[in-house]
Structure formats: C-alpha cells, structure tokens
Amino acid sequence: MPVVSLKEIVDRAFAERYGVPAINIVNDLTLEAVLAGAVEARSPVIVQTSVKTVKSIGSDVLFAMWEAMTAGIEVPVTLHLDHCPERAVITECLDRGWNSVLFDASTLTVEENQRQTVEVVAEARRHGAHVEGEIEAIKGVEDGIGADTEPQRQTLETAVAFIEETGVDVFAPSIGNAHGVYSATPALDFQRVTDLVERTRVPIALHGGSGMTDEQFRDLIARGCAKVNISTALKIEFMRSSLAFLKGAEEADKWDPPSLFRDVRGHIVDLTTGLAATFGSAGRAW
C-alpha cells in the first residue's frame, strides 16, 4: 500500500465512523515505531510532525526518513504538518512532499484567517495535498505553539461559513479540549461536533486527545471525529520508558543503547496498537 492522501484516509473513516490515530512523532525511532504499530494493528495512520520537529531535524532529512520507512508499507499512511502558523514552513513542507498541513491562523481575526486559509488551500491543491483548518486556538501549549488561556468560541454560523468559503478538507473545532495533560476529565461540547457535521459533512479533527476517556473518544468518533490527534501521550510514553530503562541500566551498570532503543520502540508500538483498537481503526487497512 503506497502513501495515500489525508482526504482518502479521513473520508473513509468519516463514512464508516471510526477514528484514525494522528500521532506526532519526534524522531526516527518514534516514526518507525508508529508505522510498525499501524502495520501490526492493520490500521491506517496519520503521522504528524510539529513545526518544532521539522526545524530540529530538517525537512529534507525528515522526509527522507519518511520515504525510506514507508517504502512498500502494507497499510494506508499519510504525512501531516501539525499546527503551523508559518506560511514559509507550510510551503517548505508542501514542496518536500508532505501530504497535508494544518494552517494554524487561530491567533488572527477570523476574516484574516479565512483569507490566508483560502491561499493555503490553493497552494496545497497545486501539490495534490490537503488542508486542515481551525478558527479557534486549542487551549494549551504544544511544541511552543498555543496559549494556556481559554479560547474565544466562535458561533456555529461563523465556523460553517469558514469551512464552506475556504474549502478545507478537515476542520478542528474548540469543544473544551486542550493540548497537554488534563487535570481532570474534560467537559466536552459533543453537540458542537454533531452540529458542524450536519451542516457541512466535513470530517472533524479532534485535538487534545491525550487524556480523554475511551467513552469520550467513542462518542466523538461516532459523531464524525475521523482524525484523532495524539501528541502528549507519545511524549510521555517515550520519556517515561526511557527513564525507567536508564534507571535499570544504572542499577545494573549495563550501558547498551540498542537495548534502550528496542525497549522504547516496544512501548510506542503498543501505544499505537492500543489507540487503533480504541478508535476503531484496527483491521481497517485496505
């Protein structure tokens, strides 16, 4: 199965009401492990890269890793640029071969956001790529982007007009979700997802997934959240498993980096297969 478009993945998930894990990777190990987990689960997967990851690794190296690791892959996969407010980085990634981008202009006025999103959609189309849009910031800071203040919620009519005027392929609304670790189970506006889907028939991206309950995931996916973002959970799993292994290595005075990498990889593979099972995408590869 070659790399496919974001739209092909989310449109199928939207029609059949399952969610596809959209997982932010941070390096070569996590990229390989997420892809391996998707293959093991027979699940489509959306691999996401933050602006911070693109800049720290470099788009050329990152895309070369992606091409090498997805050559001959047996499940549908796609490469997505997450939360990018920088038009130059969007252009760079589209030119390199990213399949989709989230243009995050949520700090701008809705009017200016819409004007620029129309331009980004046109740019993406020239590359055969797709666009996720949003008009409200998601509470919380992720890889240096965002704020810890509660975002101003736009009206349903404003959101619908934005989706229709820009032609975005996926829309990410604010429904009480947040990036990072929740201090308590979040209170979510499930009805807003239903209202947006009924008015636009556009798949919804659920942000701030790390820390939501399985019941919340199932409810939101049934309403049309076809793309489910996971970033913090991977970072926590990566760091905690590394720390636990290194503590054991220190106690045993055995220092073998490949053993560390193998152990951490196993945790990320398990995270990915678990998400696919929870979201209903396991066994949905085509």
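The values are calculated or read from the model by the stated rules, or taken from the named source; none is laboratory data. Treat the numbers as computed from the prediction; the structure is a model and nothing was measured. FYI the Cβ positions are ideal-geometry reconstructions off the backbone, even for glycines, and counts take in every protein chain you see. In case anyone asks, the SASA skips ligands and DNA or RNA and just uses the protein heavy atoms, side chains included. Shrake-Rupley method; radii C 1.70, N 1.55, O 1.52, S 1.80 Å.
Quick notes
- Of all the listed residues (Arg262, Arg223), the sole one being among the basic types (Lys, Arg) and more than 23 Å from the chain's Cα centre (by Cα) is Arg262.
- Matching residues, the stretch 29-50, being outside any strand (DSSP E or B) and among the polar types (S, T, N, Q): Thr30, Ser43, Ser50
- Restricting the stretch 183-209 to residues that are over 19 Å from Glu136 (Cα atoms) and either open to solvent by less than 50 Å² (accessible area, probe 1.4 Å) or assigned to a loop (DSSP other than H, G, I, E, B) (or both), the residue that is modelled with the lowest pLDDT is Ser183.
- Any hit, the stretch 72-88, residues being under 23 Å from Gly283 (Cβ atoms), without any contact (Cβ under 8 Å) to a residue 60 or more places away in the chain, open to solvent by 10 Å² or more (accessible area, probe 1.4 Å) and touching an Asp or Glu at 6+ places or on another chain (Cβ under 9 Å): no
- Only one entry of Gly128, Gly97 meets the criterion of being of a type outside the set (S, T, N, Q), open to solvent by less than 30 Å² (accessible area, probe 1.4 Å) and on the phi > 0 side of the Ramachandran plot, and that entry is Gly97.
- Counting the residues of the stretch 19-28 that are in a loop (DSSP other than H, G, I, E, B) and open to solvent by 10 Å² or more (accessible area, probe 1.4 Å) gives 2.
- Asp253 more than 17 Å from the chain's Cα centre (by Cα), surrounded by fewer than 24 Cβ atoms within 10 Å (Cβ to Cβ) and in contact (Cβ under 8 Å) with a residue 24 or more places away in the chain: no
- Residue match in the stretch 8-18 (condition: buried (at least 18 other Cβ atoms within 10 Å of the Cβ), hydroxyl-bearing (Ser, Thr, Tyr) and assigned to a loop (DSSP other than H, G, I, E, B)): yes
- Residue in the stretch 222-229 that is surrounded by 15 or more Cβ atoms within 10 Å (Cβ to Cβ), within 21 Å of His130 (Cα to Cα) and of a type in the set (Lys, Arg) present: yes
- Contact map, the stretch 1-13: residues that are on the phi < 0 side of the Ramachandran plot and of a type in the set (Val, Ile, Thr) paired with residues that are part of a helix (DSSP H, G or I) and surrounded by 19 or more Cβ atoms within 10 Å (Cβ to Cβ), Cβ distance under 9 Å, separation 6+ or inter-chain. Pairs shown: Val3/Trp66.
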